[in-house]
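Input: a single structure, listed below in C-alpha cells.
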Amino acid sequence: MSSSSNRLADETSPYLQQHAGNPVHWQPWDGTALDAAREADKPILLSIGYSACHWCHVMAHESFEDEATAQLMNTLFVNVKVDREERPDLDRIYQLAHQMLLQRPGGWPLTMFLTPDTHTPFFGGTYFPPAPRHGLPGFREVLERVARYYREHGREIREQADAINEVFQRLESHEPTTGELDMSAASAARRDLEETFDAKWGGFGKAPRFPNAPALERLLRHWRASALHDKPDTQALLMAALTLRRMAEAGINDQLGGGFYRYAVDDYWMIPHFEKMLYDNAQLLAVYAQAAQATGEALFSATARRTAAWMIQEMQAPEGGFYASLDADSEGTEGRYYVWDRGEIESLLSAQDLALFAQRFGLDRKPNFEGRWHLHVFADVESIAQSSGLDEETVRARLESARATLYAARAVRVRPGLDDKILSAWNGLAIDGLASAAVALQEPAFAQAATRAADFLRAHCWHSGRLLASWRNGRARFGAYLDDYAFLGQGLLRLLESRWRSEDLEFAMALADALLEHFQDRDNGGFFFTSDDHEALIHRPRPFTDDATPSGNAIAARFLDGLGHLLGEPRFIEAAERALAAAAGNMSRMPMGHCSFINALEDHLAPAETVIIRGTGDELERWRLASQALYSPARRVFAIPADATGLPGMLAERRALPSTVAYYCRGMTCLAPITELAALNQALAPLPGQGARPS
C-alpha cells in the first residue's frame, strides 16, 4: 500500500489506532513508509507519542483532525506515527536528537522532521499549537517553513546531519574504567540528593515532581549499609521516608482507588497529570514494600498493598499479563474521572462522615483543581480525632467507610481510556515489584499475580529462544529490547525468592544467555539497547542513565550478578562487572542520574549473601520467612523444594537432606550445611562492617 492513505487501522497499538481515522495519511515506521519518502524526496514528519499522553490528544484534536492541516501535511511530508512504548528504540534516538538540535529536553508529543534518505533529523519540537501562542509558532507555519528549508538548504542539512552523527558516536566513546571499582559514587549521590532535597515536602528539586524510585531505593540502601558500619545515616533514611510519606498522602496517589499518577505539577505532590503508568506503580510498589520492611511504618505497608491491589484488579489482563497505562482524560477532559464536586460528596456521605472526610481531604478549603476537589490529605487522623472528640480507631473506620462509598460511586463514571497492550519490559518491572512486596510483606497473593504474568510472557512473547516486546489481541510483535530482557530477568530472579519454580529459573537463564549473545558490547562492556540483528537505525544506544524507568544496563548487571551467584556461574558475574566498569565514569560524573547503577554496584561489591534452603512443606516456608524477615538488600534467599530435580550449576550440589538444610554463602565463601534454624539465624545476624562501605 502506498503512503497516500492512512495505514494505521491494522496496527496493534491503541495509540496508533486513535489516529487511524485522522485525515492525515499516517504511516507506521516500516519499509513502505521509508521507501515512499525516499522515492518522493519528501522529508519524514515523525510524530511520537503514547495513548495516555494528554498533550498528544490535544495536538491530535487541534491539528491532526483538521482537514486543512492534514492536507498540508500530506502534500509536503511522508507522515509517520510511532508509539514510543512499542518502539522505545526510535523514541530514545529522536528524543536525544531533539536535545542536540534545540538544546533542551524533549517530551511527548515529539515532532521531528527527518531527511528521507538517512532519517537524520534536521528540525524538531514537541507540542505545536494550531496558531501562534505562548511563544510557539503555529503548526501550519512550521510545516511550510520546514518544507521550504528542506528544498532550499540541502547542503546545510547534510552538514548538520554529519554533526549529529558525530555527536551520537561521541556519546558511545566512553571507555570502561581500568581501575578497581569502589563505592565513591554512592557517597556522591547521597550528597547530591541531600543538596536538592525538599525538607518540607520531600522529593528532589522543584516542580514538576516525578517519583524517583531508584533514588529512594538508593537512600534506603545507603542507610542500611551505614548501619552495618555502626554509623547509621539517619538523614538518608529521613529523606526517603519523608518523600514516601508525602507522596502516599498526596494527590499524586489515588486516595480512593490506589495507584500513583505519573507526576505532580506542584511542589506539594497535590495536582498530578492524571495518567497512570504501569512502570511507575511497579517501581513504587517495590520501594514502599522495602521501606515498610525497613521501618515497620504502617503507612508504607498500606500504600504498597493498595498499589498492588490496583495493579491486580485494574491492570492485570484475564490472560495474566499487565496492561500498559490508563489515560489522563475521560469524556475529553483531563482528570474528570478522579475529581469531585462538594455537592456530590455531600449527597453520598452522612453529615458526621462528611465532616471527618472534609477535614481529612480539604473539602473545607477552596477547590484545588479547576473549581473542583482532587483528594489530597490535609489533616492527620490524630488531629481529626482531637477536633471531633472521637478516638483514632473510630476516625479511621469512618474515613475508610467514606472512601469505599466514594470509590463505588466513582466506579460508575466514564472510565479513562485503557492502553491494553502488554509490554514485556513493564511486565518485568511489575513481576519484580509484586515479588518484592510478596517477600517484604509476606503476602503470597502478590507472588501468585506475578507468576501469572511470568507464565503469560513465556507462553505468548517467548519464541525460539528470543523475546518479543509487545502483545495485544493475540499478536506478539517487535524484537525485544535490552529493557525487556533485563527487567524480565530480574523480575524472575526476584520471583524465585518469593517461591521456587524450576521453569522460572530456566526462563531466566535463557534470557541471560540471549542478553550475552545479542546485546553485549564485547569491546567496551555493557549492553546495547537493541540486539545485533535489529533494524539498522542512525544510532545504536548503550544507555546507562535512569529515566522514567531504571537503566536497562544497570538492571542487566544486577540480574546477571544475582543469577551468577545463584548458579556459581562466573560468566554472568564477569558480564555484570564489565557493565559496571563501563558505567563507572558516568556514575562519577552524574551520580544522581545513575542510582540504579550504584545499587547494582553495591550488590556486586558487598559480600553477596546467597541462602539456598532445601526442605518440604511448612518447614521449608518457615525457614524462608525467617531468612527474609529483615530488610537486607544484599541477601538473596531461595527456598527449593526437596523434590526439585535437574537443578543446574552450583544448585546441583545443594542437595536435599532428610531434614531441612540451608546452604549459606557470603561472596565466594560458604559455610558447612546448616540443619538448625537457630544456627541459620545466627549466621544471618548482621555483623558490623558487612556492607559495602560508601567511600
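The values are calculated or read from the model by the stated rules, or taken from the named source; none is laboratory data. Just so it is clear, the structure is predicted and the values come from calculations on it, not from any experiment. When we count neighbours, we look across all protein chains shown, and the Cβ atoms used for this are built from the backbone with ideal geometry, even at glycine. These area figures cover heavy atoms from the full protein model, side chains too; ligands, DNA and RNA do not enter into them. Shrake-Rupley method; radii C 1.70, N 1.55, O 1.52, S 1.80 Å.
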For this session: In debye, nearest 20, what is the charge dipole magnitude of the chain about its Cα centre with +1 on Lys and Arg Cβ and -1 on Asp and Glu Cβ, if you could check?
Result: 680 debye
Exercise. How big is the gap, in Å, between the Cα center of segment 311-330 and the Cα center of segment 657-679?
Worked result: 42 Å
Exercise. Leaving out ligands, DNA and RNA but keeping every protein chain, what accessible area does residue 415 have, in Å² rounded to the nearest 10, with a 1.4 Å probe?
Worked result: 110 Å²
For this session: Using amide H atoms built 1.01 Å from N in the peptide plane, name the residues 5+ places from residue 20, or on other chains, whose amide H lies under 5 Å from its own.
Result: none
Problem set entry | Whole-percent pair-distance distribution, where bins are 5 Å wide, for the alpha carbons of segment 414-454 | 6, 25, 23, 18, 13, 12, 4, 0
Seminar exercise, completed: From highest to lowest solvent-accessible area (probe 1.4 Å; ligands, DNA and RNA excluded), 596, 502 read 502, 596
Exercise. Given H placed 1.01 Å from N in the peptide plane, which residues other than close sequence neighbours of residue 639 have an amide H under 5 Å from its amide H?
Worked result: 613
Problem set entry | Interchain or long-range residues, amide H under 5 Å from residue 209's placed H | 264, 265, 266
Seminar exercise, completed: Distance in Å, no decimals, from the C-alpha centre of segment 235-287 to the one of segment 579-650 is 27 Å
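Restricting everything to alpha-carbon atoms, can you work out Rg to Rh for segment 24-114 with a Kirkwood hydrodynamic radius?
Values: Rg = 12.9 Å, Rh = 13.6 Å.
Radius of gyration over Kirkwood radius for segment 24-114 works out to 0.95.
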For this session: Rounded to the nearest 0.05, what FRET efficiency do residue 683 and residue 346 give with R0 = 56 Å and r taken as the Cβ-Cβ distance? Could you check?
Result: 0.40
Exercise. If you add up the charges near residue 552, with Lys and Arg at +1 and Asp and Glu at -1, over every other residue whose beta carbon is less than 14 angstrom from its beta carbon, what do you get?
Worked result: -4
Seminar exercise, completed: Checked segment 143-214 with the C-alpha gyration tensor, a ≥ b ≥ c its square-rooted eigenvalues, rounded below a/c of 1.5, otherwise prolate if a/b is larger than b/c and oblate if not; verdict oblate
Problem set entry | Contour excess over end-to-end distance, with Cα ends at residue 196 and residue 645 and 0.36 nm allotted per residue | 156.5 nm
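Which percentage, to the nearest 5, of the DSSP beta bridges contained in segment 532-666 is antiparallel?
Working: 6 of 13 bridges.
Close to 45 percent.
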For this session: Give a residue-ordered list of calculated ³J(HN,Hα) values for segment 123-130 (Karplus: 6.51 cos²θ - 1.76 cosθ + 1.60, θ = phi - 60°; whole Hz; x for Gly, Pro).
Result: 7, x, x, 10, 7, 10, x, x
Problem set entry | Disulfide-incompatible cysteines by the Cβ rule (no partner under 4.7 Å) in the chain | 461, 595
For this session: With θ set to phi - 60°, apply the Karplus curve 6.51 cos²θ - 1.76 cosθ + 1.60 along segment 580-592 and write out the HN-Hα couplings as whole Hz, x wherever there is a Gly or Pro.
Result: 5, 5, 5, 8, 4, x, 5, 4, 5, 6, 9, x, 5
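Would you kindly work out the equivalent ellipsoid of segment 474-607 from its C-alpha gyration tensor and give its semi-axes, the square roots of five times the eigenvalues, largest first in whole Å? Spell out each step's value before the answer.
Working: eigenvalues 90, 79, 37 Å².
Largest first, segment 474-607 gives 21, 20, 14 Å.
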Seminar exercise, completed: Log10 I(q)/I(0) at q = 0.21 Å⁻¹ for segment 581-669, from Debye over equal alpha-carbon scatterers, is -0.98
Exercise. For the pair residue 298 and residue 401, how long in nm is the line joining their label points, each one 7 Å along Cα→Cβ?
Worked result: 1.8 nm
Exercise. Is it possible to state the helix-based mean residue ellipticity at 222 nm for the chain, with each DSSP H run of 4+ residues giving -39500 (n - 2.57), the sum divided by total residues, to the nearest 500 deg cm²/dmol? What is it?
Worked result: -15000 deg cm²/dmol
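Would you work out if segment 177-241 is rounded, prolate or oblate? Take a ≥ b ≥ c from the square roots of the eigenvalues of the alpha-carbon gyration tensor; rounded if a/c is under 1.5, else prolate when a/b is larger than b/c, oblate otherwise.
Numbers: a/c = 2.44, a/b = 1.42, b/c = 1.72.
Oblate.
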Exercise. What does the charge count near residue 212 come to, summing +1 for each Lys or Arg and -1 for each Asp or Glu among other residues with Cβ under 11 Å from its Cβ?
Worked result: -2
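Count neighbours as other Cβ atoms within 10 Å of each site's Cβ, and list the chymotrypsin sites (Phe, Trp or Tyr not before Pro) in segment 315-359 that are DSSP loop with at most 13 such neighbours.
Values: sites: 322, 323, 337, 338, 340, 357; in loops: 323, 337, 338.
Listed in order of number, the matching sites amount to none.
Pop the C-beta distance of residue 547 and residue 517 into the FRET formula with R0 = 25 Å and round what comes out to the nearest 0.05. Numbers along the way, then the final one.
On the way: r = 26 Å, r/R0 = 1.04.
According to the calculation, E is roughly 0.45.
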Problem set entry | Lysine pairs in the chain with Cα atoms under 24 Å, if 8 or more residues apart or on separate chains | 7
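How big is segment 485-564 by the Kirkwood estimate over distinct Cα pairs, in Å?
On the way: mean 1/r = 0.0755 Å⁻¹.
Every distinct Cα pair counted, the radius reaches 13.2 Å.
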Exercise. In nm, what is the difference between 0.36 nm times the number of residues separating residue 657 and residue 364 and their Cα-Cα distance?
Worked result: 99.0 nm
For this session: Under 9 Å from the Cβ of residue 399, count the other residues' Cβ atoms, weight Lys and Arg +1, Asp and Glu -1, and hand me the total.
Result: +2
Exercise. Kirkwood hydrodynamic radius for segment 222-321: how many Å is it when counted over pairs of different Cα atoms?
Worked result: 14.4 Å
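Cα convex hull of the chain: how many Å³ per residue? It would help to have the intermediate numbers written out before the result.
Working: hull volume 112.9 nm³, N = 695.
So the per-residue Cα hull volume is 162 Å³.
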For this session: Of the DSSP beta bridges with both residues in the chain, give the percent that are antiparallel, rounding to the nearest 5.
Result: 75 percent
For this session: Restricting things to alpha carbons, tell me how big segment 383-496 is in terms of Rg and Dmax, in Å.
Result: 20.2, 66
Exercise. In whole Å, how far is the Cα centre of segment 54-126 from that of segment 375-446?
Worked result: 37 Å
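Beyond 19 Å, how much of the Cα-Cα pair distribution for segment 82-182 remains, as a whole percent? Before the final figure, lay out each step's value.
On the way: 2627 of 5050 pairs.
Across segment 82-182, Cα pairs with separations above 19 Å total 52 percent.
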Problem set entry | Spacing of the two label points (7 Å from each Cα toward its C-beta) at residue 35 and residue 151, in nm | 2.7 nm
